[in-house]
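The block underneath contains the structure these notes are about, expressed in structure tokens.
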Amino acid sequence: MRIRRSLIDLDDLTPRELAYVFERTEQFEAAPPGALLDGFGCVNMFFEESTRTFTSFNLAELRLGAAVVNLAPRDLSLATKGETLEDTALTLGALGVSIIVVRHHEPGFPQRVALAFDGHVVNAGDGVHAHPTQALLDIYTLLEEFGELKGRSVGIVGDVLHSRVAHSTIRGLQRLGAAVVLIGPECFLPHDYADEGITIERDFDGVLPQLDAIVLLRIQRERFVEMPITDEEYVSGYRLDERRLAQLRSEAIVMHPGPYNRGMELDDSVLEFAGWRYLKQVHHGVGIRMAVLDFLVNGRR
Ligand code: CP
């Protein structure tokens, strides 16, 4: 049995481990697993706002029986008293903390915590780099829908450049054999995203009938200074609306990692669409995070 220490991005999981996390998610959603993290101290350090990820990690930890401490930036001596991140990690370890879940605007921050901390670290989103547990729950939602992803076409639409979710999800979809179609204007989707199994499309309307699933992305305005195209240009080219929904295959689904901005990447008709899967994604967030935490701490059973 191999015990993984940390989850910084999806590459940290082998294909078997990925399958195991999904299997455990299904089990944990079907029946409460009991106190698999009884006696383990767990600190959630969120340096950025979060509704979905923060709440679902808390629920997952509590359902597994962990002792949970939430540290906001203002609670940390790191922020105002000159303590280094490395010394903070050592200190939490000495206090008996076994798991740190961390979100930070700086890419690579969770990796730095993992190098300094004698325990398990889970990346809850680091800048534009990665958001592995969101990617896992998105892929789990797709697998639940389609059984397997080989031969399926998944379109990811919008601000790919600044989306850590997209960066992790693309890697996961590539590994599972899906055809990934990235869709967006060049300012949000540079040419060099093209790769094996990944194509780039600028014409959203043209590609709509080919897609089995669409993952819409929010424009990550907090990650750049000036909007590189006008809102009107973006909406005209890339907003999913009633007219575009009508061009989709009858069995196609639409997803969004959240938070979504009504009027920009989607309009209200998407929220009424039979294939809209956002709430399923959110629901799976707790099971996925329980499965990840159990796997990191207890390994495969
Ligand atoms: N999807 C996601 O990471 O949402 P939050 O920022 O609300 O956690």
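The values are calculated or read from the model by the stated rules, or taken from the named source; none is laboratory data. On a predicted model such as this, the values are computed, not experimentally measured, just so you know. All Cβ positions, glycine included, derive from the backbone under ideal geometry; neighbour counts span all protein chains shown.
When the stretch 212-270 is limited to residues that are polar (S, T, N, Q) and farther than 23 Å from residue 147 by Cα, the one that is surrounded by the most Cβ atoms within 10 Å (Cβ to Cβ) turns out to be 220. For the stretch 96-105, check the following and say yes or no: at least one residue is among the charged types (D, E, K, R) and away from the ligand (no atom under 16 Å from the Cβ). Within the stretch 96-105 (the criterion being among the charged types (D, E, K, R) and away from the ligand (no atom under 16 Å from the Cβ)), the answer is no, since none of the residues qualifies. Evaluating residue 222 against the criteria (1) under 25 Å from residue 121 (Cβ atoms); (2) in contact (Cβ under 8 Å) with a residue 40 or more places away in the chain leaves one unmet condition, (2).
Can you name the residue in the stretch 242-269 that is under 23 Å from the mean Cα position of the chain (by Cα) and without any contact (Cβ under 8 Å) to a residue 40 or more places away in the chain and, of all such residues, is nearest to the ligand (Cβ to nearest atom)? Applying the filter and picking the extreme gives 262. When you scan the stretch 163-186, do you find a residue that is within 19 Å of residue 254 (Cα to Cα) and without any contact (Cβ under 8 Å) to a residue 12 or more places away in the chain, even just one? No. Just one residue in the set 134, 111 is at pLDDT 95 or above, within 13 Å of the ligand (Cβ to nearest atom) and out of contact with any strand residue (DSSP E or B) (no Cβ under 6 Å at 6 or more places or on another chain); that residue is 134. Evaluating residue 196 against the criteria (1) closer than 18 Å to residue 247 by Cβ; (2) surrounded by fewer than 23 Cβ atoms within 10 Å (Cβ to Cβ) leaves one unmet condition, (1). Within the stretch 86-115, the set of residues being farther than 25 Å from residue 162 by Cα and surrounded by fewer than 18 Cβ atoms within 10 Å (Cβ to Cβ) comprises 86, 87, 90, 91, 93, 94, 95, 96, 115.
With a requirement of 2 or more residues that are basic (Lys, Arg) and modelled with pLDDT of 95 or more, the helices (runs of 4 or more DSSP H) lying completely within the stretch 187-253 that satisfy it span 242-245. Once the stretch 49-86 is narrowed to residues that are more than 21 Å from the chain's Cα centre (by Cα), touching a residue at least 12 places away in the same chain (Cβ under 8 Å) and in a helix (DSSP H, G or I), the residue that is farthest from the ligand (Cβ to nearest atom) is 86.
If you check residue 141 against the conditions, is it in the same structural domain as residue 254 (by TED's automatic domain parsing), surrounded by fewer than 24 Cβ atoms within 10 Å (Cβ to Cβ), part of a strand (DSSP E or B) and hydroxyl-bearing (Ser, Thr, Tyr)? For residue 141, the condition - in the same structural domain as residue 254 (by TED's automatic domain parsing), surrounded by fewer than 24 Cβ atoms within 10 Å (Cβ to Cβ), part of a strand (DSSP E or B) and hydroxyl-bearing (Ser, Thr, Tyr) - is not met. Within the stretch 24-39, does at least one residue satisfy the condition of being within 16 Å of the ligand (Cβ to nearest atom) and exposed (fewer than 15 other Cβ atoms within 10 Å of the Cβ)? No, the stretch 24-39 contains no residue that is within 16 Å of the ligand (Cβ to nearest atom) and exposed (fewer than 15 other Cβ atoms within 10 Å of the Cβ).
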